[in-house]
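> Pasting a structure below so you can have a look.
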Amino acid sequence: MNSEKNQFNYFEPFLIKYLSGSSSEEERNIAIKWINENQDHQEYFNEMKNYFELIKQVKKSSSFNEEKGWKRIREEYQKKRYLLELDKKKRLYIRKLVFIASSAAAALLISFFLGYYLNHFSSFKHAQVSETIYNEIIVPFGAKSQVTLSDGSKVWLNAGSKLRYADNFFKSTREVYLEGEAFFDVTKINHKQFIVKTSNLNIKVYGTQFNVKAYSEENQIQTTLVKGSVAIEPVLEGNIKNIYYLKPNQTATYFKSSSIVSTVNGQETAVYREKNNPNDKIFIINKIDPKPVISWKEKEWLFVGEELGQLAIKLERRYNVKISFEDESLKNYKFSGTLTDLTFEQVLMIIQLSAPILFHIDGNNVVFKGNTLNKNKYDQMISKTKQETN
């Protein structure tokens, strides 16, 4: 228990720096690796994250003591671990007592239980085998991750994503459960289909490269095919399921609800309005450039006609920050370009130089404001550019 306590004390500074956004790239990687090692570490990190959010609310109070707060987290966690170990030992002790008490009567009962055991062994064994153990990879905001599955398939996970798959993934159906965004490079195995399951879609492939964006808080699920082919099947209860097939350089957008405009690379792709047939929620767009869609996993992050409202959501996940707007109309400004290993502050400066926008940073929160002094000059420049283009 002491060694475990020392381990948490050692990694705690890395976790605190990661939560505050002040860690270096090396420190951030150390924290992420430790968090994803097992469920205990993930639970400990979640407790720290909740406390960190509380700090931002009450830090101005004169009675607030941050050092005591972190110490309380450690003590509560160690106490919980101790109680779990104690409960485990108690259950083991009870099993030993039952065994000792039963041994005297074992000779009298052995013939009866032998027959019962033989009759029920097959069903009991089947029940044991049916218990599936799952692996889960959780990527927190401000991070990315890459994993190679047991079949050789590679998966890149974007910030705020979760990937879940069975421990016997390769021996059974190759199924993974995704919440968030991931790029898949699937190894082709003819007799074993690879299936990506999301909240509303199943994406079926054999060997191909594609990107899936399926964040639970977003209204749409987008699948972009780079290489090979995929079949997309909506998860619908009591309805006939349509299956949609994608070719390379196509994007399929599934809408969970109505009246939403979808864009890919700055172009409006579809508007879904509520219909009687749920199968009509999918729209396929042809001949798109997949590079900007999948560039989130590369060093060069590409944008083509990206509205600031959507860009802000991606920046929140990538840099683990919170962004708000004083004026909702600022979300309509569009940006194109390439970002290469820039800090969040550098990105904000580029936005400020590219549009009549000012920003204010308060800890982990950023507020975008309109720059009225430069707005007229900006509008004149845009108008002149459109005239020259026409």
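The values are calculated or read from the model by the stated rules, or taken from the named source; none is laboratory data. Just so it is clear, the structure is predicted and the values come from calculations on it, not from any experiment. Virtual Cβ from ideal backbone geometry, glycine too; neighbours counted across all protein chains shown.
> Take residues that are at pLDDT 90 or above and not assigned by TED's automatic domain parsing to the domain that holds THR223 and tell me which of the strands (runs of 3 or more DSSP E) falling wholly in the stretch 280-364 contain 1 or more. Quick ask: steps written out before the conclusion?
Details: elements: 282-285, 300-307, 322-325, 334-340, 357-362.
Fully inside the stretch 280-364 and qualifying: 300-307, 322-325, 334-340, 357-362.
> Oh, and also: Where in the stretch 176-241 are the strands (runs of 3 or more DSSP E), entirely inside, with at least 3 residues that are without any contact (Cβ under 8 Å) to a residue 60 or more places away in the chain and within 18 Å of ILE288 (Cβ to Cβ)?
Values: elements: 194-197, 201-205, 209-214, 220-227, 230-234.
In the stretch 176-241, the matching strands (runs of 3 or more DSSP E) lie at 209-214, 220-227.
> Hey, another quick one. Given the residues ASN50, ASN38, ASN29, which is the only one that is surrounded by 14 or more Cβ atoms within 10 Å (Cβ to Cβ), polar (S, T, N, Q) and either out of contact with any Leu (no Cβ under 9 Å at 6 or more places or on another chain) or modelled with pLDDT under 75 (or both)? Show your work before the answer.
On the way: ASN50 fails: surrounded by 14 or more Cβ atoms within 10 Å (Cβ to Cβ); ASN38 fails: surrounded by 14 or more Cβ atoms within 10 Å (Cβ to Cβ).
Sole residue among the options that is surrounded by 14 or more Cβ atoms within 10 Å (Cβ to Cβ), polar (S, T, N, Q) and either out of contact with any Leu (no Cβ under 9 Å at 6 or more places or on another chain) or modelled with pLDDT under 75 (or both): ASN29.
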